1. Given the condition touching a residue at least 24 places away in the same chain (Cβ under 8 Å) and hydroxyl-bearing (S, T, Y), answer yes or no: does some residue in region 12-26 qualify?
2. For residues in region 1-57 being modelled with pLDDT of 95 or more and of a type in the set (F, W, Y), which is surrounded by the fewest Cβ atoms within 10 Å (Cβ to Cβ)?
3. Can you confirm whether V60 is in contact (Cβ under 8 Å) with a residue 24 or more places away in the chain, touching a Leu at 6+ places or on another chain (Cβ under 8 Å) and not polar (S, T, N, Q)?
4. So which residues in region 1-24 are closer than 30 Å to K67 by Cα and among the charged types (D, E, K, R)?
5. Inside region 1-23, can you point out the residues that are over 13 Å from the mean Cα position of the chain (by Cα) and aliphatic (A, V, I, L, M)?
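The values are calculated or read from the model by the stated rules, or taken from the named source; none is laboratory data. This is a predicted model, so every value here is computed, not measured. Virtual Cβ from ideal backbone geometry, glycine too; neighbours counted across all protein chains shown.
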Amino acid sequence: MYKIELKASVLKDIRKIPDVFLTKIETAISQLAKDPIPKQAKKIRGYSGHYRLRIGMYRVVYRVQKKIEIVTIIKIAHRKNVYKKL
């Protein structure tokens, strides 16, 4: 089991997300503890160990540290804004 960590900025991101997507996002994040790199995850070019999950119009960007078994959620945002200032 991997430990899930959230950056402080992610808590601000969560407040902006509609409830319809929020439950799906929470479910997807909890599944990362069991399988940190699911089949639907895509690797982000130019960043070592960084992946993204697509949940509707929103993206969850996270980093996997395999040696210490930690998944750090870096950003959750709408698809048009998620990659700005990553």
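1. The answer is no; no qualifying residue exists.
2. If we take residues in region 1-57 being modelled with pLDDT of 95 or more and of a type in the set (F, W, Y), then Y2 is surrounded by the fewest Cβ atoms within 10 Å (Cβ to Cβ).
3. Answer is yes for this residue.
4. Passing the criteria: K3, E5, K7, K12, D13, K24.
5. M1, A8, I17, V20
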